[in-house]
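The values are calculated or read from the model by the stated rules, or taken from the named source; none is laboratory data. Note that this is a predicted model, so its numbers are computed, not measured. Quick reminder, even Gly has a Cβ in these numbers, built from the backbone with ideal geometry, and neighbours come from all protein chains shown. Remember, those area values only see protein heavy atoms, side chains included, never the ligands or the DNA or RNA. Shrake-Rupley method; radii C 1.70, N 1.55, O 1.52, S 1.80 Å.
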Amino acid sequence: MNNSLFRSKILEKIRNTDFQDDLSLARKMAVEYIKNVDSMRVYPDQQALHNLQIFDEELPDEPAETSEILNQLHTYGSPATVAQTGGRYFGFVCGSILPSALSCKWITDAWDQNPAMYVLSPIVSRMEDVVESWLKDILRLPDETVAGYVSGSSTATIIGLTVGRNMLLKNLGYDVIKNGLFNASEINVVLGEGAHSTVYKALSITGLGSGRVTKVPADEQGRIRVDKLPDLDNRTLVILQAGNVNSGAFDNFEEICTKAKIAGSYVHVDGAFGLWAAANEKFSHLTNGIELADSWSVDGHKTLNAPYDNGIILCRHKDMLVNSMQMIGAYIVTSDQRDGMIYTADMSRRARAIDLWATLKGLGKQGVSELVWELHQKAIYFAGLLKEGGFEILNDIVFNQVLARYESDEKTDKIIKGVQESGVCWLGGSKWNGKSVMRVSVSSYKTTYEDIDTSVKEILRIARSIE
Ligand SMILES: *Cc1c(COP(=O)(O)O)cnc(C)c1O
């Protein structure tokens, strides 16, 4: 040993602190949060938001103790969270976190694996394969389908559109992977008026352009009108939707995918929250024909109630997906086992497949099927109570989304604001066919019928108070 070698006193001290005490404290705080989440305000109050200024400090020179860091986070952070894991959050399309997933996540956080390649983490590589086959089974997708584990549907859609673009151009005799887009022939993009904003983002990122698309008019539910579909050909990328972000509506996959197949078009389905409907036979009228598409994007962190940062790209063209995500380097050791990075844009990633594995195993096939059906039933129940209370329901409740309106734009907007300030429940607003609507998403396994009673009672109280 050479005494002139540098030794950090800071790192020395960190190495010698008791990890166990810190983890025990963290666990205690997390359990306390979980116990409180159903009785706390669903949205933080002004005081809690004001207190966040405690975090506005310059990075201190001296290291802080983990216990001190935890205390600050729990004291000021926890009350400023949005109680999305409780039963009365109906904003956006979110979902809670199932106990099996959270518990396993604590272990995988301790593992801190990097599933870029098999050689980096055999366990996660194995799990990626297992979850891939479970997903194909639950979502009734073709045998040849492969899965890439990404951060969310936004990224999954970018990958799906990249594969579609590359495949159409390859079929036209052009290698866009090598030559880039500059000399490629034009690809037409066809999507519905109700396409999600992240689809436009993906179009701009992939060089397909968000402004040169053919928008097919939608019906009153937000579904593509098949009679208005333009002629499709082998230079057309069609983007369909399983679950409109407002109404929850599903496009007519059977008819559109059949037409696209005959024409040689590529079909990507944005199924961020709606693809899970395929887990229950009773939704087959919505999902029929969805298996005819070429790729699908779906989230684990919405309907499935897996933790955040869990999206999946599913694609039936393994070669094209892998070629599109391929990279090479002298130090890269690929194997005959699964190297996760060749299915995604990332190299280093979290062990996302284990979140999904734990979530799916904690529900079982039957549990996933019952989860989607119960969310649907609860959305119908929610809509029924609102209707009795004088609200107008603007959509068919085909899945988990409810669009409700109270007399006028002005009153509807006021009610939404009042509800958001109440702390009793939380929901957002949107525009539907030009009108203000209250948008209810029943996405959490935690939501009970009693939570809906409590929430609607408050919504109606606010509606009466503004008259
Ligand atoms: C949420 C959502 C997305 C985006 O998914 P992220 O996981 O947030 O990236 C895309 N499409 C639809 C229909 C969605 O609901």
Selected residue (criterion: surrounded by the fewest Cβ atoms within 10 Å (Cβ to Cβ)) from residues of segment 136-153 that are away from the ligand (no atom under 16 Å from the Cβ) and part of a helix (DSSP H, G or I): Asp137
Set Phe6, Phe19: member being at pLDDT below 95 and aromatic (Phe, Trp, Tyr): Phe19
Residue match in segment 260-268 (condition: within 16 Å of the ligand (Cβ to nearest atom) and open to solvent by 10 Å² or more (accessible area, probe 1.4 Å)): no
Thr287, sole failed condition from (1) within 16 Å of the ligand (Cβ to nearest atom); (2) closer than 25 Å to Ala101 by Cα: (2)
Flag if Gly160 is open to solvent by less than 20 Å² (accessible area, probe 1.4 Å) and farther than 30 Å from Leu232 by Cβ: no
Those strands (runs of 3 or more DSSP E) lying entirely in segment 397-467 with at least 1 residues farther than 25 Å from Trp373 by Cα: 428-432, 435-441
Subset of segment 154-185 [hydrophobic (A, V, I, L, M, F, W, C) and in a loop (DSSP other than H, G, I, E, B)]: Leu172, Leu181, Phe182, Ala184
Residues of segment 291-304 classified as under 15 Å from Ala277 (Cβ atoms) and away from the ligand (no atom under 14 Å from the Cβ), total: 2
Any chance Gly271 is within 16 Å of the ligand (Cβ to nearest atom), open to solvent by less than 40 Å² (accessible area, probe 1.4 Å) and within 16 Å of Asn395 (Cβ to Cβ): no
Where Arg349 falls short, out of the listed (1) touching a helix residue (DSSP H, G or I) at 6+ places or on another chain (Cβ under 6 Å); (2) open to solvent by 10 Å² or more (accessible area, probe 1.4 Å): (1)
Asn166 vs. criteria open to solvent by less than 40 Å² (accessible area, probe 1.4 Å) and either within 16 Å of the ligand (Cβ to nearest atom) or in contact (Cβ under 8 Å) with a residue 40 or more places away in the chain (or both): yes
Residue that is farthest from the ligand (Cβ to nearest atom) [pool: residues in segment 184-215 that are out of contact with any Asp or Glu (no Cβ under 7 Å at 6 or more places or on another chain) and among the β-branched types (Val, Ile, Thr)]: Ile187
Among (1) open to solvent by less than 40 Å² (accessible area, probe 1.4 Å); (2) without any contact (Cβ under 8 Å) to a residue 40 or more places away in the chain, the one test that Ser24 misses: (1)
Residue in segment 36-56 that is within 25 Å of Asn16 (Cβ to Cβ) and among the aliphatic types (A, V, I, L, M) present: no
Residue, most open to solvent (accessible area, probe 1.4 Å), within segment 113-135, restricted to residues that are of a type in the set (Ser, Thr, Tyr) and touching a residue at least 60 places away in the same chain (Cβ under 8 Å): Tyr118
For Lys361: the one exception among (1) more than 16 Å from the ligand (Cβ to nearest atom); (2) open to solvent by less than 10 Å² (accessible area, probe 1.4 Å): (2)
Top-ranked residue of segment 310-337 - restricted to ones that are modelled with pLDDT of 95 or more and assigned to a loop (DSSP other than H, G, I, E, B), ranked as nearest to Gly152 (Cα to Cα): Asn310
Search result, residues across segment 217-249 that are within 11 Å of the ligand (Cβ to nearest atom) and open to solvent by 20 Å² or more (accessible area, probe 1.4 Å): Val245, Asn246
For Ala279: the one exception among (1) more than 20 Å from Tyr343 (Cβ to Cβ); (2) surrounded by fewer than 24 Cβ atoms within 10 Å (Cβ to Cβ); (3) away from the ligand (no atom under 15 Å from the Cβ): (2)
